[in-house]
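Here the structure comes first, spelled out in structure tokens, and everything after it is commentary.
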Amino acid sequence: AASGSVGLSTAVLVVLLSPQCVAAPVICVRVANGAGQDQDSDLPCRNGAQNGAASSPGTAHSNGLVSGPNNGNTVSHNNNNGVSALPASNTSTTADGKKKKRMSQCEEDVIRLIGQHLHDLGLNQTVDLLMQESGCRLEHPSATKFRNHVMEGEWDKAESDLNELKALMHSPSAIVVSASLWSIGIIWYYERMKFLLLQQKYLEYLEDGNVLEALQVLRAELTPLKFNTERIHILSGYLMCSHAEDLRAKAEWEGKGTTSRTKLLDKLQTYLPPSVMLPPRRLQTLLQQAVELQRERCLYHNTKVDSGLDSVSLLLDHTCSRKQFPCYTQQILTEHCNEVWFCKFSNDGTKLATGSKDTTVIVWHVDVETQQLKLLKTLEGHAYGVSYLAWSPDDAYLIACGPDDCSELWLWNVQTGELRTKMSQSHEDSLTSVAWNPDGKRFVTGGQRGQFYQCDLDGNLLDSWEGVRVQCLWCLSDGRTVLASDTHQRIRGYNFEDLTDRNIVQEDHPIMSFTVSRNGRLALLNVATQGVHLWDLQDRVLVRKYQGVTQGFYTIHSCFGGHNEDFIASGSEDHKVYIWHRRSELPIAELTGHTRTVNCVSWNPVLPGLLASASDDGTVRIWGPAPFLDVQDVEGEECLLDLRHT
């Protein structure tokens with residue numbers, strides 16, 4: 001950078017957990033100093049300097065750390081922030097005359113991170129020795145004084161320390177700024193920090209009952225800042241609190257003491273560069289990020305685990321075995337006597353409903369402990385076979401629809417097994433799809449002959465939309481918008497309240513079916529001759545095309561599933577079930593065992609290791625983790641894995 005220009009300290013974090021590093025993860029923090037300053041003007045590690053203080057070896061810093069020796073080096077000058085500059089050489093001389101190579105920036109940063117962690121554990125003597133031997137310091141001396149004064153509640157001294165720290169502030173959000181903008185940013189950060197300090201001082205005075213002192217802080221210190229007028233009005237209202245408990249409740253504040261002051265320090269630190277004061281619990285944060293990144297990259301991670309570091313080992317990389325993944329047949333349900341067209345787990349995961357060409361719906365009970373299914377009820381009387389099923393939000397009712405030539409819809413009470421409603425508006429209708437409104441009191445239904453109805457639980461027609469040839473339906477969580485795929489190779493959103501509609505998804509080939517993620521953001525489409533496509537409904541963009549599946553013009557239903565809906569499953573005309581990780585276009589598993597087209601798959605929403613598939617071979621297969629035996633001993637079906645992922 002040109003002389004006189006203003007730069008920023010930009011921290012680039014590199015977190016690596018290497019299997020070759022058996023002791024602990026390697027964490028590197030690189031700090032690139034901006035131009036316009038001495039190259040290492042605010043670096044906290046000084047091999048050959050006295051940790052920024054002119055004290056003799058063994059002298060205690062105000063932060064409890066012991067100063068390191070000067071290692072025989074002489075320091076010729078200081079920069080304007082009071083930190084000793086580094087000698088030109090990259091080597092230093094120890095007290096016994098031996099030369100040692102200067103540590104890299106990464107090594108110095110790691111020492112600081114370790115020192116902070118040890119300090120948080122209360123191992124202060126160990127920290128003193130580490131800093132003394134390494135020639136590093138944990139943080140800038142001004143930051144140490146500031147921290148101690150804040151934690152002790154010495155607000156006047158803390159405000160004085162803040163004036164010293166003002167010269168060390170930088171703007172973390174900007175990259176290139178003019179001198180005037182830089183100055184404005186520094187003033188804003190300084191005033192913000194001062195406001196937070198005075199706010200804490202004011203609240204503590206109020207809690208102690210020192211109303212006059214609190215009022216003086218409000219009038220003479222906070223108000224003249226003119227920083228946050230709205231907040232000052234709120235703070236003034238706390239003067240009316242009758243007791244300390246009322247104050248803490250209204251201010252959503254922990255009260256005077258270590259907890260609130262620690263939180264205050266965490267906020268204040270964000271306005272200081274990490275070379276001056278490390279972010280709180282920085283090592284734990286980096287380790288947590290590394291663990292989470294490994295979990296995200298694990299193709300078979302399908303369990304809900306504790307997000308804390310106590311539940312994992314830092315000595316090994318995170319890996320999940322495919323034996324834990326639902327790609328082994330646990331059970332084959334053979335009670336249907338013809339093609340099985342649809343299957344769907346209930347919202348609470350305790351039941352599975354299957355619909356067949358044999359005109360029956362079978363409701364199965366799921367044993368949560370053993371994950372085995374038993375026949376619960378058989379619902380009969382459907383004249384055309386059952387090609388689609390939808391559970392009500394509370395799982396009390398189940399709606400069954402038929403194929404294209406079916407003009408009837410059946411609404412069953414699942415608990416009693418009684419038919420509550422048999423709906424048919426016209427013999428010319430085609431009611432092939434249905435979706436429940438989130439309130440559980442209404443549903444929408446339609447078909448490819450141009451019918452699109454909204455009805456109540458008794459089948460009474462509430463609203464209708466003319467001329468929409470519906471292929472598949474879905475109600476969004478707002479309770480107003482209904483998504484419908486139609487014969488124009490698109491998905492449109494229909495609002496039954498204000499009678500408006502809009503285009504959301506446009507494909508180049510027929511959309512045979514679609515489903516929507518729990519959060520309503522993503523849609524999974526089975527597209528004729530193309531396969532499975534993932535769309536972002538909010539941004540209205542195609543996110544991913546999944547490979548491997550054979551999709552012609554049969555209606556095949558795919559699904560989201562697994563922990564956090566990280567996985568996608570679909571049936572296929574090649575008799576297989578395909579599973580993808582949501583971020584990967586290539587399948588991570590191909591499940592074999594069915595002998596004809598797999599029409600539908602359903603992933604248990606509560607048990608992430610349980611998957612069901614329905615096929616034209618007349619069976620429903622329940623897939624789960626490998627049994628307690630070696631994979632080579634599993635006969636009859638295999639979990640075929642794409643070697644490109646292993």
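Residues whose amide H lies under 5 Å from that of residue 572, counting only those 5 or more places away or on a different chain, are 598; hydrogens are built 1.01 Å from N in the peptide plane.
Ordering 436, 485, 396 by the projection of their Cα atoms onto the charge dipole of the range 388-506, which places +1 on the Cβ of Lys and Arg and -1 on the Cβ of Asp and Glu, puts 485 at the extreme positive end. Ordered by solvent-accessible area of protein heavy atoms (1.4 Å probe), largest first, the residues 578, 205 come out as 205, 578. Amide H to amide H, with H built 1.01 Å from N, residue 442 comes under 5 Å of 437, counting only residues 5 or more places away or on other chains. Within the assembled protein chains, the solvent-accessible surface assigned to residue 260 is about 10 Å², based on a 1.4 Å probe. The amide H of residue 543, built 1.01 Å from its N in the peptide plane, has 534, 535, 536 as neighbours under 5 Å, considering only residues 5 or more places off or on other chains. Rounded to the nearest Hz, the phi-derived 3J(HN,Hα) couplings of the range 459-466 under the Karplus curve 6.51 cos²θ - 1.76 cosθ + 1.60 (θ = phi - 60°) are x, 6, 6, 9, 8, 8, 10, 8, where x marks glycine and proline. With a cut-off of 15 Å between beta carbons, the residues surrounding residue 334 carry a summed charge of -1, where Lys and Arg count +1 and Asp and Glu -1.
What area, in nm² and to one decimal, does the C-alpha convex hull of the range 129-278 cast on average over all directions? Before the final figure, lay out each step's value.
Working: hull surface 41.8 nm².
Projected area, direction-averaged: 10.5 nm².
For the range 202-208, 3J(HN,Hα) computed residue by residue from phi via the Karplus equation (6.51, -1.76, 1.60; θ = phi - 60°) reads 4, 5, 5, 4, 4, 4, 7 Hz, glycine and proline entered as x. For the range 260-265, 3J(HN,Hα) computed residue by residue from phi via the Karplus equation (6.51, -1.76, 1.60; θ = phi - 60°) reads 5, 6, 5, 4, 4, 4 Hz, glycine and proline entered as x.
Quick one: plug the Kirkwood hydrodynamic radius of the range 388-506 (C-alpha pairs) into Stokes-Einstein at 4 °C, 1.567 mPa s, and report D in µm²/s.
On the way: Rh = 14.1 Å.
It comes out at roughly 92 µm²/s.
Taking the protein heavy atoms of the range 388-506 in the context of the full set of protein chains, the accessible area attributed to carbon and sulfur is 40 percent at 1.4 Å.
The values are calculated or read from the model by the stated rules, or taken from the named source; none is laboratory data. Everything quoted here is computed from the prediction, not taken from an experiment. Ideal geometry is used to build each Cβ from the backbone, glycine not excepted, and the neighbour counts take in all protein chains shown. Just the protein is used for accessible areas: all its heavy atoms, side chains included, with ligands, DNA and RNA removed. Shrake-Rupley method; radii C 1.70, N 1.55, O 1.52, S 1.80 Å.
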